[in-house]
């Protein structure tokens, strides 16, 4: 069944009917531009839907879906404009200008606020995303040269030790 545009579901503007869904989409698009100025805006609805799905699933079942790594990567893409690498690309999750960036995510069910990082990867920066129990996201970034030294090739990065040199959004909800 085709919905015809008319006074019940659209607005007459400049000689044509404009649907409310088109108007709402334009408003959302402008809001996204203000909230995520560096983003590829086509990724924003995917990111928001994925985060919402993870939250709703948890609320319904008390269990977590294995989506938080992807949510963290998409958050980096929409927040700082990270250009994501192809899936399973070795070394880093994406590029920010000429920098290779590794994305690590602290999940809402984790008891301690740290991530483990393998130093064998080819990256210049680490973008750490923290998703709290209320599904609010914050982020911090550190350059590789400022990471602690390690003989084992692995480093544990504690959230509280990461520099707050980048603005951190209070919430994505």
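Full extension of the chain between residue 124 and residue 109 gives 2.6 nm of extra length, using 0.36 nm per residue less the Cα-Cα distance.
When both bridge partners sit in region 43-173, DSSP labels roughly 75% of those beta bridges antiparallel. Using a cutoff of 8 angstrom between alpha carbon atoms and counting only pairs six or more residues apart, the relative contact order for region 56-173 works out to 19 percent.
With R₀ fixed at 25 Å, the C-beta to C-beta distance from residue 60 to residue 136 puts the FRET efficiency at about 0.85.
Here each label is just a point 7 Å from Cα along the line to Cβ, and for residue 18 and residue 150 those points are 5.3 nm apart. With neighbour counts taken as other beta-carbon atoms within 10 Å, the residues 155, 18, 103 rank, fewest first, as 18, 155, 103.
Measuring between their Cα centroids, region 52-95 and region 102-123 lie 13 Å from each other.
Every number in this text was worked out from the coordinates using simple rules, so none of it is lab data. Predicted model, so just to flag it, every value in this text is computed and none were measured. Virtual Cβ from ideal backbone geometry, glycine too; neighbours counted across all protein chains shown.
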